[in-house]
Structures are given as C-alpha cells and as structure tokens.
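One structure is given here, and the rest of the page talks about it.
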Amino acid sequence: MLKRFGIGVVGLGMGANVLPINHVADSVLEVRGICDVDERKLERLAHEFNIPFATKDYQKLLEHKEIDIIAIFTPDHLHGEQAIQALEAGKHVICTKPMVTCIEEAEKICQLVRAKNLKFLVGQTMRYEPQFASVKALVDEGQLGNIILAEAHYVHDMRPVFALTPWRLTAPQDFMYGGVCHPVDVLRWFLGDVDEVFALGNRGGLTPAYPLLENFLLALRFKNGVIARVLGAYGIVHPPMPMMGLSLFGTKGSVVADFTDKEGGKVKVIFDKFEIKSPWEVVFPPETEGVFGHGKTVLRYLRHFEECLLEDKNPVPDCFEGAKSVAVCYAAYQSIETGMPVKVRNDF
C-alpha cells in the first residue's frame, strides 16, 4: 500500500517505538524525518529504518514538506510549545503523555486543532494495553452493569529511571502530569468527565535532589455520580504490586486489571449472575518489543491514528480529552494547596 502520510519524530527515546511503522507493509504511515539532540542516535536509527532526513533542529523538521504528522516524544515540559508549533505549521500531531504540563497550553492546542481542522492523538498507553482494552469491551457490552465506584493506580520507584533519563530530575519532571495522568485518563475513558477532585501529596525524600511532590492520592467525583480514587506514587521503594492497575465495581460484576512493563498482567472478573463467585482470570503475556516494552502499544495507536486520517474520525484520546485530564491534574494541585475539593474545568 502506498505510504501516504509522512511522520516526523522528535525525541528518540520512547519515540524510537514509532520507527518500525516503516516495516509495516499495509500501513499508510511512514517516518520520513527524525529529530534528536543525540547525533549518533540520529545516524544509527536513520540508517536502520531507511529514514531520509535526520536533524537536531526541530524547526527544520517542521519545515519538511514531505512530513504531514509530527510525533512528539520529548521531555514533558517541551510538549506544549512543540505541539503548538506543529499545529501552526499545519501538521497533525501525535504526542506522548502528558499532552502538556499546564492548562494554558492545553487550551491553545484545542483552539488550534479546532481552527485548523487537524488530528491530534495523545499517546496514553493504558488505553492501548490489551488488559485495559479487554475491560473496556466488557463495560461497553454491559457485562458489568452500571459502574458504582472505581480506582486506578500507577506506582513506580523513579530512582533507576532518573539514571536512565536524567532530564526527569534536572527539568524536573512533574509527576502529577507525567505520572498521575495515566490513572486519571484511564478512569475518564470509562467514566467521562470529572466534576471535582480532592487531593493530597507529599515528598518521599528518597531522591533529595528532586524538588517537587512525588506521591499523590486523589478522590474524584465524576459528573455521572461515580466516585473513584487514584494512587500515584513515585518517590517510593517499588511496592510488591503491579505498576498499573484498574478496578471497576458495577451492578452486575466487578473487575480488576493490572499491567507492569515487560511483565504482562491479568484481568480478573466476578459476575453476579453466577452463583459461584470465583474470579474468571485471563493472563496476558509480557510484551517486550521496543523501548520500555511499549513497541506494540505504540504500533496500536499508530494504526488507530491512520484509520482516523483515512476515515476522518476523531482520535482517541484526542486533544480535548487530553486537556480534560490535564485539568484534573491542575485541579488536584489546587486542592493540595487549599485543602479543599476543587471543581474541574471541562470546557475546552
């Protein structure tokens, strides 16, 4: 099939997971340009994936006429400016999570996408992990009935990650936006808009040089009345539990799903219609391809994005969904500062 859409990738850490799309024969996407500060990495990956254009200058990537889509995988604090520049240049955008780290940039992105009629996908990987996608199918089919309450977590001892990606310590990465956005987004996927949030946060102190809050508890009330709790913990010794988890409690059944990088995960469900309340369990094998084992996940949302381009559909999640998740994180910080519940903005 003709490669109809050219991709320019900026940031070749996680962004390297985009490059194998060039080897997918039936995809209309093709990486035609790459950008990174590491010149050796640029040369190596350009050769490996037969990419004709490599640069350290993001503006040159934006100016490339054969590139229709910019895929942003740079440090979190750069996402907003780079996404805005890409949209202003008339490019569609794929941006890894978090979409941005401030609500003003989220608003600007939404304005540009609407004005220019461009596609924008936020790469929230939990939506494209098989465990969580399986739970979504159960919910959409009505197998769990009406959801009553829910919880989600993302926990990660960041000390070894600081060593691999020093920018997270020196920028520093804000774990509310860069971490808590995962469980917040997956809950929003199932439950819709958040009405208000009450939050607490602290520092673990295991990395004295890290200056921001590291650990968070959020209580959410959704507009449909469902309540949920979120655990995001990053300044901790990694606990003996899966890295990511989702629990939904419904009127017809309850389900728990979990996931850990390169270790796979499980889905367990109990249906009220069966007399024996033993859990039905499905084990999902590890996925180890690509950086952090997210190669298949990135490929899944790339295939979704090309479908959106070909059929003029809205990507899931799009920039408007991304902005709402950012707004939850923003409101959570306001709650931490005031000690009070805070209403969440949803008008983007």
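Values quoted throughout were computed directly from the atomic coordinates according to the rules given, and no laboratory measurement underlies them. Since this is a predicted model, take the numbers as computed values, not measurements. Because the Cβ atoms are built from the backbone with ideal geometry, glycine has one as well, and the counts that use them run over all protein chains shown.
Couple of notes before you dig in:
- Check: the range 172-303 dipole with +1 on Lys, Arg Cβ and -1 on Asp, Glu Cβ, in debye: 260 debye
- Taking 18 Å as the cut-off, the amide N atoms of the range 117-133 that come nearer than this to a point 7 Å along the Cα-to-beta-carbon line of K296 belong to 124-133.
- Ranked for footprinting exposure by Cβ neighbours inside 10 Å, fewest first, I227, I51, I67 give I227, I51, I67.
- In the chain, the calculated helix contribution to ellipticity at 222 nm averages -9500 deg cm²/dmol per residue, counting -39,500 (n - 2.57) for every DSSP H run with n ≥ 4.
- Three-way shape label, the range 89-155, alpha-carbon gyration tensor, a/c 1.5: prolate
- Contact order normalised by residue count of the chain, Cα under 8 Å, 6+ apart, percent: 18 percent
- Rg over Rh [alpha-carbon atoms, Kirkwood Rh] for the range 247-302: 1.14
- Expressed per residue, the C-alpha convex hull volume of the range 83-236 stands at 139 Å³.
- Under a model in which nothing but the beta-carbon of Lys, Arg (+1) and Asp, Glu (-1) is charged, the range 5-124 shows a dipole of about 180 debye around its Cα centre.
- Share, in percent, of DSSP beta bridges within the chain that are antiparallel, nearest 5: 60 percent
- Under the convention that each Lys and Arg Cβ holds +1 and each Asp and Glu Cβ holds -1, the size of the dipole of the chain around its Cα centre is about 220 debye.
- Residue order for K97, K108, K266, fewest other beta carbons within 10 angstrom first, comes to K266, K108, K97.
- Per residue, the Cα convex hull of the range 285-327 amounts to 96 Å³.
- Our estimate of slack between T288 and H47, defined as 0.36 nm per intervening residue step minus the Cα-Cα distance, is 84.5 nm.
- nm² value of the averaged projected area, convex hull over the Cα atoms of the range 5-124: 6.8 nm²
- Per-selection Kirkwood Rh - the chain (Cα, Å, 1 d.p.): 20.8 Å
- J(HN,Hα) series, the range 109-115, from Karplus relation 6.51 cos²θ - 1.76 cosθ + 1.60, nearest Hz, glycine and proline x: 4, 4, 4, 5, 4, 5, 5
- Cα centroid separation - the range 180-199 against the range 16-33, whole Å: 32 Å
- Positive-end ranking of P211, A25, A86 along the dipole of the chain, with charges on Cβ about the Cα centre, is headed by P211.
- Distances between every pair of Cα atoms in the range 265-348, grouped in 5 Å steps from 0 to the bin holding the largest one, split as 3, 11, 10, 10, 11, 14, 17, 17, 7, 1 percent.
- Tensor-based shape of the range 204-305 (alpha-carbon gyration tensor, a/c under 1.5 rounded, otherwise prolate or oblate): oblate
- Per-residue HN-Hα couplings for the range 321-336 [Karplus 6.51, -1.76, 1.60; θ = phi - 60°; Hz; x = Gly/Pro]: 5, x, 5, 5, 5, 4, 5, 5, 5, 4, 5, 4, 5, 4, 5, 4
- Between the range 205-275 and the range 49-93, the alpha-carbon center distance in angstrom: 33 Å
- Within straight-line cross-link reach of K268, aspartates and glutamates at Cα separation under 20 Å, skipping those fewer than 8 residues along the same chain: E129, D140, E141, E151, D258, E281, E287
- Sorted by Cβ neighbour density within 10 Å, fewest at the top, the residues C181, C308: C308, C181
- In plain terms, the chain from L2 to V316 could stretch by 110.6 nm, reckoned as 0.36 nm per residue minus the Cα-Cα distance.
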